[in-house]
Amino acid sequence: MVLSKTASQSDVSIHSTFASRYVRDSLPRFKMPENSIPKEAAFQIINDELMLDGNPRLNLASFVTTWMEPECDKLIMDSINKNYVDMDEYPVTTELQNRCVNIIAHLFNAPLGDGEAAVGVGTVGSSEAIMLAGLAFKRKWQNKRKAEGKPYDKPNIVTGANVQVCWEKFARYFEVELKEVKLSEGYYVMDPVKAVEMVDENTICVAAILGSTLNGEFEDVKLLNDLLIEKNKETGWDTPIHVDAASGGFIAPFLYPELEWDFRLPLVKSINVSGHKYGLVYAGIGWVIWRSKDDLPEELIFHINYLGADQPTFTLNFSKGSSQVIAQYYQLIRLGYEGYRNVMENCHENAMVLKEGLEKTGRYNIVSKDDGVPLVAFSLKDNKRHNEFEISDMLRRFGWIVPAYTMPADAQHITVLRVVIREDFSRTLAERLVIDIEKVLHELDTLPAKVNAKLAIAGEADAQNGTVKKTDIETQREVMAYWKKYVSERKSNKNKIC
């Protein structure tokens, strides 16, 4: 005789997740629910919402790695539960971090003697690395000023206006004046001559960027170093240089080995690099390397012993995962110099394919340089009918995430689109993107230029009222302002709490 029973409403083990009540009822969004739900239902509900995210592989706005080999993925998952700060409990992980620091230091030509260990630390990204490097510069400058009996309450740092926002954070959080060299149309990186002119006795360092976020261009660190040496001789100061190589630090050694930008230059005292960009590791790992122990004040290093042994630490946070450190070491030994060079060459070649495809349309000016970070920044030659923000918005219908943005101060009337070429962006995808951009242009050409039509009507009304007619640049700025507001409102509406 076969025994059977009727399933009760609470017996969810035999129900399909989509047949259960958990997908019929709304879950609380901002308060913890009173009752538990089955693990299958929790997974499905979250997984379904995440489907609405963009595809990371098609996110061409980001420099951050979106693909790694399955073997490295396994290493990451196997070490996901290791807290890196427990150095005494996980000594091998600590050793791997030290190996990474030394490998990167040698890659950047640090002047290390035989058997001498490099000075550096792993961070959660270049933002933390820059904060640590900036603190070291500030403390060294303050100590020197105190010893000389001079004021030490007004430190400043000189950068280009093209710096990433983490530099602004450092200046604001740690009370350092940020002196920015303004950009100009056609020149979107820091001018070394103007930068050195802005240096004074309160300058803790000059920050140069190896790979501008805006157009991928490398700043001329060699010229900056030479000019600053002369100024230091004239003034008696010893103003140093920090190189923000977040994007370019894992590119220049392989594509441009003869380029002098690193510790070969005597005034370069520290360098940061993002392992999660062209270091080819998932998000969450950066590195900062100092030229020598003298460039990192000992007073900034803390020593703790409550985890089992004396441990030096110089970080802004404490606990963090070990996975990314292990993944970085995997990439360094798996790829080696040859592998990194091949990856960077492929990225550069695919950037050239995209650039040439855009040039063939005859519709774009290329703003980026051939040498530098493999990306293509471009703007419309004629944006009177339609603009870059419209192109960016319409490309999302094909799945592409391509950012449009205005340049910083003194070049803000220039708007560009930017495509970052990463390891997983193939030749086929580059060719496909060109095709989709052409489709978008064709579709835009068949649509009325609503914004510009309104501005034209407004311009005619101003003329009838005797108002001075706006220049082309003023009109262009109005268009840009409209689209920035439009895009911003769309984003805020998506994120609005209701």
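Within region 64-95, the set of residues being within 21 Å of Arg334 (Cα to Cα) and surrounded by 16 or more Cβ atoms within 10 Å (Cβ to Cβ) comprises Val64, Thr65, Thr66, Met68, Cys72, Leu75, Ile76, Ser79, Thr93, Thr94.
Scoring Phe314 on the criteria (1) farther than 30 Å from Ala404 by Cα; (2) exposed (fewer than 15 other Cβ atoms within 10 Å of the Cβ) leaves a single failure, condition (2).
Glu180 meets the stated requirement of being assigned to a strand (DSSP E or B), among the charged types (D, E, K, R) and under 26 Å from Gly125 (Cβ atoms).
Conditions (1) of a type in the set (A, V, I, L, M); (2) under 25 Å from Lys194 (Cα atoms); (3) in contact with a Pro (Cβ under 6 Å, 6 or more places away or on another chain), marked per residue:
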| residue | (1), (2), (3) |
| --- | --- |
| Glu217 | no, yes, no |
| Lys231 | no, yes, no |
| Glu260 | no, yes, no |
| Leu265 | yes, yes, no |
| Lys277 | no, no, no |
| Glu298 | no, no, no |
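In the set Gly186, Gly236, Gly275, Gly216, only one residue is modelled with pLDDT under 95 and among the small types (Gly, Ala, Ser); that residue is Gly186.
Within region 406-423, being within 26 Å of Arg57 (Cβ to Cβ), open to solvent by 10 Å² or more (accessible area, probe 1.4 Å) and not in a loop (DSSP other than H, G, I, E, B) holds for one residue alone: Arg418. For region 237-290, the set of residues classified as among the aliphatic types (A, V, I, L, M), touching a helix residue (DSSP H, G or I) at 6+ places or on another chain (Cβ under 6 Å), assigned to a loop (DSSP other than H, G, I, E, B) and open to solvent by 20 Å² or more (accessible area, probe 1.4 Å) consists of Leu259, Leu267, listed by residue number. Checking Lys144, Lys138, Lys169 one by one, the residue that is open to solvent by 60 Å² or more (accessible area, probe 1.4 Å), closer than 18 Å to Arg291 by Cβ, of a type outside the set (A, V, I, L, M, F, W, C) and not in a loop (DSSP other than H, G, I, E, B) is Lys144 and no other. Every condition in (1) outside any helix (DSSP H, G or I); (2) within 26 Å of Leu75 (Cβ to Cβ); (3) not hydrophobic (A, V, I, L, M, F, W, C) is met by Asn346 except one, and the failing one is (1). For region 291-303, the count of residues that are among the hydrophobic types (A, V, I, L, M, F, W, C) and out of contact with any helix residue (DSSP H, G or I) (no Cβ under 9 Å at 6 or more places or on another chain) is at least one. Would you pick out the residues in region 349-374 that are more than 24 Å from the chain's Cα centre (by Cα), among the charged types (D, E, K, R) and not in a helix (DSSP H, G or I)? Selection gives Arg363 alone.
Applying the condition of being in a helix (DSSP H, G or I) and more than 11 Å from Val288 (Cα to Cα) to region 103-130 and asking which residue is least open to solvent (accessible area, probe 1.4 Å) yields Leu107.
For region 425-442, a residue qualifies if it is in a helix (DSSP H, G or I) and surrounded by 13 or more Cβ atoms within 10 Å (Cβ to Cβ), and the qualifying residues are Leu429, Ala430, Glu431, Arg432, Leu433, Val434, Asp436, Ile437, Glu438, Lys439, Val440, Leu441. Note on region 209-235: among residues that are open to solvent by less than 60 Å² (accessible area, probe 1.4 Å) and part of a loop (DSSP other than H, G, I, E, B), the one that is farthest from Val419 (Cα to Cα) is Glu219. Against the condition modelled with pLDDT under 95 and either open to solvent by less than 50 Å² (accessible area, probe 1.4 Å) or not in a loop (DSSP other than H, G, I, E, B) (or both), how does His303 come out, does it pass? Yes. Within region 164-194, the set of residues being of a type in the set (A, V, I, L, M, F, W, C), out of contact with any Ser or Thr (no Cβ under 8 Å at 6 or more places or on another chain) and under 20 Å from Thr239 (Cα atoms) comprises Phe170, Ala171, Phe174, Val176, Val193. Taking every residue in region 368-381 that is open to solvent by 10 Å² or more (accessible area, probe 1.4 Å) and pairing it with any residue that is of a type in the set (Lys, Arg), at least 6 positions away or on another chain, the pairs with Cβ-Cβ distances below 8 Å are Ser368/Lys355; Ser368/Arg418; Asp370/Lys355; Leu380/Arg363; Lys381/Arg363. Taken as a whole, the condition of being at pLDDT 95 or above, part of a helix (DSSP H, G or I), out of contact with any Lys or Arg (no Cβ under 9 Å at 6 or more places or on another chain) and surrounded by 18 or more Cβ atoms within 10 Å (Cβ to Cβ) does not apply to Ala133. The set of residues in region 146-198 that are under 22 Å from Leu224 (Cα atoms), of a type in the set (Lys, Arg) and within 23 Å of the chain's Cα centre (by Cα) comprises Lys179, Lys182.
The values are calculated or read from the model by the stated rules, or taken from the named source; none is laboratory data. All figures in this text were calculated on a predicted structure; none of them were measured in a lab. When we count neighbours, we look across all protein chains shown, and the Cβ atoms used for this are built from the backbone with ideal geometry, even at glycine. Protein only, heavy atoms only, side chains kept; ligands, DNA and RNA dropped before computing areas. Shrake-Rupley method; radii C 1.70, N 1.55, O 1.52, S 1.80 Å.
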